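Take a look at the structure below.
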Amino acid sequence: LSLKGFIACCTDIALIRFPHMKDNPTAACTQLLMENVVMLPQVNKLAWKEAKRLAIIGEAKRICAEVRIASFHRRNVKRILFLRKRYACIRAQVQLRRMLCRKN
C-alpha cells in the first residue's frame with residue numbers, strides 16, 4: 001500500500017464515518033486519525049513527551065542566544081571603555097614627556 005493509497009483509504013473510511021463532512025474530506029480524515037490514532041494513550045504519551053523535549057530544546061537555544069548576545073555586548077562595551085582609557089593614558093604620557101623635554 002503506497003502513501004497515496006493509504007490516504008485514499010483513510011479518506012474513504014472517514015467519509016463513511018463522518019458523512020456530514022463530505023464537502024471537506026481532509027477535515028474528515030484528520031478527525032478520523034485524531035480519534036483513532038492520536039488519542040490512543042501510548043501515542044498521546046509519546047506525542048506529549050516529544051513536544052516537551054522540543055519545547056525544552058527551543059527554550060535552551062533561546063537562553064543560549066540571549067547569553068551570547070549579552071556577553072557580546074558586555075565585551076564590546078568593556079573594550080570601548082578600555083580603549084578610551086588607554087588612549088587617554090597615551091595622550092597624558094605624550095603631554096608629560098613634552099613638558100619634561102621643554103624643562104630640560
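The angle between the Cα long axis of helix 3-17 and the main principal axis of the chain comes to about 60°, on a 0 to 90 degree scale. Counted residue by residue at 0.36 nm each, then reduced by the alpha carbon distance between them, the extension gain from ALA70 to ILE56 reaches 2.9 nm.
Dipole size in debye (nearest 20) for the chain around its Cα centre, Lys and Arg Cβ +1, Asp and Glu Cβ -1?
2260
Which of VAL67, GLY5, PHE18 sits farthest toward the positive end of the charge dipole of the chain, with +1 on the Cβ of Lys and Arg and -1 on the Cβ of Asp and Glu? Result: VAL67, furthest along the dipole toward the positive end. Hey, of (1) 108, 28, 27; (2) 150, 18, 8; (3) 69, 30, 19, which did the structure itself give for Cα extents along the principal axes in Å when calculated? It is the one labelled (1). Net length available on complete extension from ARG86 to ALA27 is 14.4 nm, with 0.36 nm assigned per residue and the Cα-Cα distance removed.
Evaluating 6.51 cos²θ - 1.76 cosθ + 1.60 at θ = phi - 60° for every residue in the range 20-30, the Karplus couplings come out as 6, 9, 5, 7, 9, x, 5, 5, 5, 5, 4 Hz, glycine and proline recorded as x. Taking trypsin sites (Lys or Arg not before Pro) across the range 22-62, the ones in a DSSP loop with at most 14 further Cβ atoms lying within 10 angstrom of their Cβ are LYS22.
To the nearest ten degrees, helix 41-103 and the longest principal axis of the Cα atoms of the chain are 10 degrees apart. Along the axis of the charge dipole computed for the chain (Cβ charges of +1 for Lys and Arg, -1 for Asp and Glu, origin at the Cα centre), the listed residues GLN31, CYS101, VAL77 are led at the positive end by CYS101. For the range 32-80, just say rounded, prolate or oblate: build the C-alpha gyration tensor, square-root its eigenvalues into a ≥ b ≥ c, call rounded for a/c under 1.5, and beyond that prolate if a/b exceeds b/c, oblate if not. Taking the square roots of the gyration eigenvalues as a ≥ b ≥ c, the range 32-80 is prolate.
Using heavy-atom solvent-accessible surface (probe 1.4 Å) with all chains present, what is the largest-first order of ASP23, ASP12? All intermediate terms of the calculation are to be shown ahead of the outcome.
Values: ASP23 135, ASP12 90 Å².
From most exposed to least exposed: ASP23, ASP12.
The sum of -39500 (n - 2.57) across all DSSP H runs of n ≥ 4, divided by the residue count of the chain, sets its helix-only mean residue ellipticity at 222 nm to -30000 deg cm²/dmol.
The values are calculated or read from the model by the stated rules, or taken from the named source; none is laboratory data. Every value quoted in this text rests on a predicted model; they were computed, and no experiment measured them. Glycine gets a Cβ as well: all are built from the backbone with ideal geometry, and neighbour counts include every protein chain shown. Note: areas computed on protein heavy atoms with side chains; ligands, DNA, RNA excluded. Shrake-Rupley method; radii C 1.70, N 1.55, O 1.52, S 1.80 Å.
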